[in-house]
Structures are given as C-alpha cells and as structure tokens.
Amino acid sequence: MTDASLTMGWTVAQTSKALRTYRLVLGFNMFVHLLIGLACIFFALWISQMAGLPEPVATGWERGWGATLLLVTLVYVPGLFDPLANRAPNLIGILGRYWMMVIWIFCGGGFLWFALFDGFFATVIGLLYRRLLTARLMSHP
C-alpha cells in the first residue's frame, strides 16, 4: 500500500472508476436483454431453433418470457443510473440471475445456454457491484 492509495482523492477516483465499469457492464447486459426480449416476442420460432430447442406447439411461452425480460430490464433502469442509491434493483437482479440459472439448469437441453448466460452475467455483475460498494465505502470513512 502506498501513500497515494491512502488519499481521499485516490479513493474517490477508485469509486468513480468502479461506477463507470459497473454501469458499462450492466448497461451492456440490459441492452442484450432488450434484444433477446424483442427477439422472443417477434421471432419466437427462430429463438427456439437458435437455442436447439424443439419447435414448440405454441410460441406463447417465448413471447411471454421475452415480454417479462423487457419488464425486468425496465426495473433495472434506476439501478443503472444510480446504483449506490438504488441498491434493491441491483441486488435483486444479481440474485434473480442466479435463480434463473438454476431454473434453466433444471429445464436442461437447449436451456443450458440460457443458464450459462445468466450465470456468467450474475457473477460478473455481482463482482463488479461488490467492488463498487467497497470503493464507495472506502471513499467515505
């Protein structure tokens, strides 16, 4: 540890950097959710084929999942703009991604790709959020 790492300016800069990184990754994930949600609504059969799932009798579940994904993405918006003041959307989102990973694993088959996607982003966003909260705590002794 150096003297520079003990200054208030350095810890504030670390918080700012952590905030930018967190927002970038969460924003990217929200954008991907938006694209997947819209694809599920408008191209349900194509999504089934891309995931290696059997063609459904009805595409209602995919459209419903897509619409739900869009709704969940909208709930994240306050957590994206001010993740330090709006912790609930971020924490629920991280835990929700892990929950969906477990659900997709139990579904098996082509849903394992969904599990991998949710598990990856839950881990990355969770680690970045922890880093952001730690940096914020260290910048306000």
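Across segment 121-136, the qualifying residues are those that are touching a helix residue (DSSP H, G or I) at 6+ places or on another chain (Cβ under 9 Å) and surrounded by fewer than 15 Cβ atoms within 10 Å (Cβ to Cβ), and the one among them that is farthest from residue 76 (Cα to Cα) is 134. Filtered by the rule that a residue be open to solvent by 20 Å² or more (accessible area, probe 1.4 Å) and touching a residue at least 24 places away in the same chain (Cβ under 8 Å), segment 28-41 gives 34, 36, 38, 41.
Go through segment 67-90 residue by residue and tally those that are open to solvent by 70 Å² or more (accessible area, probe 1.4 Å) and either more than 25 Å from residue 111 (Cβ to Cβ) or β-branched (Val, Ile, Thr) (or both). Looking only at that region, the number is 5. When residue 123 is tested against (1) within 29 Å of residue 13 (Cβ to Cβ); (2) among the β-branched types (Val, Ile, Thr); (3) without any contact (Cβ under 8 Å) to a residue 60 or more places away in the chain; (4) in contact with a Lys or Arg (Cβ under 8 Å, 6 or more places away or on another chain), exactly one condition is not met: (4). Segment 13-116 holds helices (runs of 4 or more DSSP H) entirely within its bounds, and those carrying 2 or more residues that are in contact with a helix residue (DSSP H, G or I) (Cβ under 7 Å, 6 or more places away or on another chain), at pLDDT 85 or above and within 26 Å of residue 139 (Cβ to Cβ) map to 60-81, 87-107. The C-beta contact set for segment 70-88 (first residue closer than 12 Å to residue 34 by Cα, second residue part of a helix (DSSP H, G or I) and open to solvent by 50 Å² or more (accessible area, probe 1.4 Å), distance under 7 angstrom, 6+ apart or interchain) comprises 70/34; 73/34. Pairing each residue of segment 109-120 that is over 14 Å from residue 32 (Cα atoms) and open to solvent by less than 60 Å² (accessible area, probe 1.4 Å) with any residue that is charged (D, E, K, R) and assigned to a helix (DSSP H, G or I), provided the two are 6+ apart or on different chains, yields C-beta distances under 9 Å for 119/97.
The values are calculated or read from the model by the stated rules, or taken from the named source; none is laboratory data. What you are looking at is a predicted structure, and each value in this text was computed from that prediction instead of being measured. Backbone-built Cβ (ideal geometry, glycine too); neighbour counts: all protein chains shown. Protein only, heavy atoms only, side chains kept; ligands, DNA and RNA dropped before computing areas. Shrake-Rupley method; radii C 1.70, N 1.55, O 1.52, S 1.80 Å.
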